[in-house]
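Here is the structure we will look at, set down as structure tokens.
The values are calculated or read from the model by the stated rules, or taken from the named source; none is laboratory data. Predicted model only: the values in this text are computed from it and were never measured. Cβ coordinates were reconstructed from backbone atoms using ideal geometry, including for glycine residues, and neighbour counts include every protein chain displayed.
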Amino acid sequence: MKTVRDIPILHNIPVLVRAALNVPVEGGKVMNTYRLRRALPTLEYLRREGARVILASHIGEQGIETLAPVAEALAGMISGVHFCEVSTGEKARAASRDLLPGEILVLENLRRNPGEVGNDREFARALAALADVFVEDSFDTCHRRHASIVSVPEFLPSYAGLLVEEEVRELSKALAPKGLALALIGGAKFSTKEPVLEVLLEHYDKVFVGGALANDFFKAKGYPVGRSLVSGAAGGEIAKMLENPKLVLPVDAQLVTTDLSSRVGAPQDIRADEAALDHGPATAALLADLAKKSKTVLWNGPLGEYEKGFTEATDAVLRAVAESGAYSVIGGGDTVAELERIGLMDRFSFVSTGGGAMLDFLARGTLPGLDALGS
Ligand code: ADP
Ligand code: MG
């Protein structure tokens, strides 16, 4: 993979960088700068080399949010940052022409133009017209066929940024694990996790299926699931995985009724008015023990409905993995939010910025946004 370091000349060259600046904003203030910090290495490299950096990203899903407060937050982290209220057209061209070597122009939210999500060629051409070179550094959108991800590279020499390079290196390592390897897949929506489960059952020694996903497996086993969240997955695929000796399922659950009284019970003992919202202490202990013995741990998906405070199993196992000394890779928006909340981010070997992108990369070994860069 060609990276920013392979770009032959950068001094005074306009470089379009696709980054992930989609941080949480409330009342015009950036609430969390984690993604911006992960974008800095590429920006700092380009600035040192004297490039004129044109920074493009989306924020939010609706196409109405603005990147203005993000540009302001970025200006507090790196010097020479300007903001442009549009992403294409004469105004954007003039603003990028005015950049001095080492300066950064943050374009407005790409999704304000429907051509971004619609992968419109003309929109991609207009973005590409702002620069001489393209750098892809938005790993977490590389699974999307959006204009800035898959079409801009058709118009410009294109390279991976340092974050994308790191993601690919670390996740590739995770696909060829060393020593006893444990994968933990939790969260919800079986359909989004099924392909990665198939791959992990090949490459890993133990694959734990937890969170709401476990309910689908228990249902396929014929257990009652009460009011637990199930995703209505196709039973055939699960039946096959259930035969795999590498598969590990929870052994107890936090069973909660509508009046919020709760008890710990075996998965098969759930009553009709109960929902399994977390794993119990026996499951947490079993996973902590497995983590301790493992040389590689890969994790995506929380083990309980953590937004409602069902974080006990997740937190206990996160701590066990942090202390295990294993090479640990973790990703997923919800998973990393909980990891950050309990302050263990820097205790993991690699924290992926990808949710869906991480899962797709692990399942397929590449992503549309990486393929678009050529080789
Ligand atoms: P990530 O964003 O880390 O990839 P997912 O989006 O796949 O993770 O899953 C996170 C969601 O799964 C959260 O909303 C969480 O509440 C839910 N979840 C996990 N376990 C349970 C459970 N037992 N019951 C209901 N929801 C659950
Ligand atoms: Mg999620």
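Of note:
- Only one of Val297, Val256, Val264 that is away from ligand 1 (no atom under 14 Å from the Cβ) and part of a strand (DSSP E or B): Val297
- Scanning segment 321-347 for residues that are β-branched (Val, Ile, Thr) and under 14 Å from the mean Cα position of the chain (by Cα), we see that the one that is farthest from ligand 2 (Cβ to nearest atom) is Val329.
- One residue stands out among those in segment 206-228 that are touching a residue at least 60 places away in the same chain (Cβ under 8 Å) and not in a helix (DSSP H, G or I): the one that is surrounded by the fewest Cβ atoms within 10 Å (Cβ to Cβ), which is Lys206.
- Count of segment 161-191 residues, restricted to those that are part of a helix (DSSP H, G or I) and either buried (at least 17 other Cβ atoms within 10 Å of the Cβ) or more than 16 Å from ligand 2 (Cβ to nearest atom) (or both), is 15.
- Residue ID - farthest from Lys206 (Cα to Cα), chosen from residues in segment 298-320 that are of a type in the set (S, T, N, Q) and within 14 Å of ligand 2 (Cβ to nearest atom): Thr314
- Pick from segment 134-160, criterion among the β-branched types (Val, Ile, Thr) and over 29 Å from Phe348 (Cα atoms), ranking: surrounded by the most Cβ atoms within 10 Å (Cβ to Cβ): Val152
- Screening the candidates Ile54, Ile7 for the property of being among the β-branched types (Val, Ile, Thr), surrounded by 15 or more Cβ atoms within 10 Å (Cβ to Cβ), touching a Cys at 6+ places or on another chain (Cβ under 9 Å) and modelled with pLDDT of 95 or more yields one hit, Ile54.
- Helices (runs of 4 or more DSSP H) wholly inside segment 303-371 containing at least 2 residues that are surrounded by fewer than 24 Cβ atoms within 10 Å (Cβ to Cβ) and among the aliphatic types (A, V, I, L, M): 312-324, 333-341
- Selection within segment 284-307 - acidic (Asp, Glu) and touching a residue at least 60 places away in the same chain (Cβ under 8 Å): Glu305
- Every residue from segment 192-218 that is within 16 Å of ligand 2 (Cβ to nearest atom) and of a type in the set (D, E, K, R): Lys193, Glu194
- Taken together, Glu72, Glu116 contain a single residue that is of a type outside the set (Gly, Ala, Ser), touching a Phe, Trp or Tyr at 6+ places or on another chain (Cβ under 8 Å), within 23 Å of Leu43 (Cα to Cα) and in a helix (DSSP H, G or I), which is Glu72.
- Conditions (1) among the β-branched types (Val, Ile, Thr); (2) at pLDDT below 95; (3) touching a strand residue (DSSP E or B) at 6+ places or on another chain (Cβ under 7 Å); number of the one not met by Thr192: (3)
- Single residue of Ala372, Ala322 found to be more than 16 Å from ligand 1 (Cβ to nearest atom), closer than 26 Å to Asp289 by Cβ and touching a helix residue (DSSP H, G or I) at 6+ places or on another chain (Cβ under 8 Å): Ala322
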